[in-house]
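Worksheet for the structure shown next.
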Amino acid sequence: MSATLDDALGTMTIMRSLVLAVVLAAVPRVASADRVKVAVVPMIAVNMEAARVDALAQDLAEALRTELEIDAVGGVEVRRRLPAEGLSPGCIASTACIADVAQRLDAQQLLFVVMIDTGASGAIQIDSTWVDPVTHQSAPRPAIDLTTLADTTSRFAAAARQLLPDAPVRAKPKASLGRMSAPVPRHFAVPSYLTAAGTVVGLGTGISLGLVTRERYKDCEVQGHAGTACTQSRRDSIRRLALIADAGWVMAIGGTIATAVLYATSGESSHVVVEPTPGGVAVSAVGSF
């Protein structure tokens, strides 16, 4: 009697193990995967072609991937893995059907959607129900109303957190205009050295020729008092020296002003440098402040 009881208990244990193995095989698990995989599964489509349904399901899956830290599949890939005859309307209430869909799509969560073309200028209403094949929990989600196809992406992105409220939100990259450049202090560059050299040359010319002109002019005055007038050629020579001396002074003044301006504008404050970013190129005004 004892042996018979032990055999019966052993048989029951084996059967339990087999049942548990079948159940675990029927429902996909997150094995070494960091993200939960969600499948967008079209259930019913009213007044809509299959291609349009697949396109919207694909857009919804992409919006979920963009906004949340999950993997999502939808569109033609889902239709290819489901039965050719499609899903029955009662699949969402059947544990066996849900497990089969989850296994076919290798997904840990399912989002069953119903799409209805209301006929009002192409407006589409999308109702969805979230289902967890493991815990058999389900919950209806808020409807999404698409007035035009142009706002599909924005509407799906805005609804992503409501469709999967337990999923972690994907961190958005911080907007950046680039980097700040290092400030440049005022300094003498090659142009300022040239203008400074011109100042020195002009100053030397003006002083030296000015002194020579003054001495020759005094000599002429002395000769005039002595009754001997300066020749015309000597007067012309004094006039030329005076003009060259004046030109030297003008050159010195111009060089001084140019050197001061170049030195004053040689510094540069910190400013934003535009750099490429993963999302594109940031544009900003660049200049000294």
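The values are calculated or read from the model by the stated rules, or taken from the named source; none is laboratory data. Not measured: the values here are computed from a predicted model. Glycine gets a Cβ as well: all are built from the backbone with ideal geometry, and neighbour counts include every protein chain shown.
Structure notes:
- Residues of the range 35-94 satisfying the condition of being at pLDDT 90 or above, among the polar types (S, T, N, Q) and within 29 Å of Gly119 (Cβ to Cβ): Gln58
- Counting only strands (runs of 3 or more DSSP E) that fall entirely inside the range 78-164 and contain at least 1 residues that are of a type in the set (Gly, Ala, Ser) and either closer than 16 Å to Glu62 by Cβ or in the same structural domain as Lys37 (by TED's automatic domain parsing) (or both), the qualifying elements are 124-132, 137-146.
- Residues located in the range 199-248, provided they are farther than 30 Å from Thr259 by Cα and of a type in the set (Ser, Thr, Tyr): Tyr217, Thr228, Thr231, Ser233, Ser237
- Checking each residue in the range 33-51 for being of a type in the set (D, E, K, R) and surrounded by 15 or more Cβ atoms within 10 Å (Cβ to Cβ) picks out Arg35, Lys37.
- Candidates are the residues of the range 167-184 that are assigned to a loop (DSSP other than H, G, I, E, B) and modelled with pLDDT of 85 or more; the one that is surrounded by the fewest Cβ atoms within 10 Å (Cβ to Cβ) is Ala171.
- Close Cβ contacts (under 8 Å, 6 or more residues apart or on different chains) running from residues in the range 163-174 that are without any contact (Cβ under 8 Å) to a residue 12 or more places away in the chain to residues that are of a type in the set (Ser, Thr, Tyr) are absent.
- Residue check for Thr129: among the hydroxyl-bearing types (Ser, Thr, Tyr) and crowded, with 16+ Cβ neighbours inside 10 Å: yes
- Residue count for the range 79-101, restricted to those that are touching a residue at least 12 places away in the same chain (Cβ under 8 Å) and under 14 Å from Ser138 (Cα atoms): 5
- Meets criteria (among the polar types (S, T, N, Q), in the same structural domain as Thr152 (by TED's automatic domain parsing), surrounded by 18 or more Cβ atoms within 10 Å (Cβ to Cβ) and outside any strand (DSSP E or B)) for Gln58: yes
- For the residues Gly204, Gly198, Gly254, Gly224, the requirement of being in a helix (DSSP H, G or I) and free of Cβ contacts under 8 Å to residues at least 40 places away in the same chain singles out Gly224.
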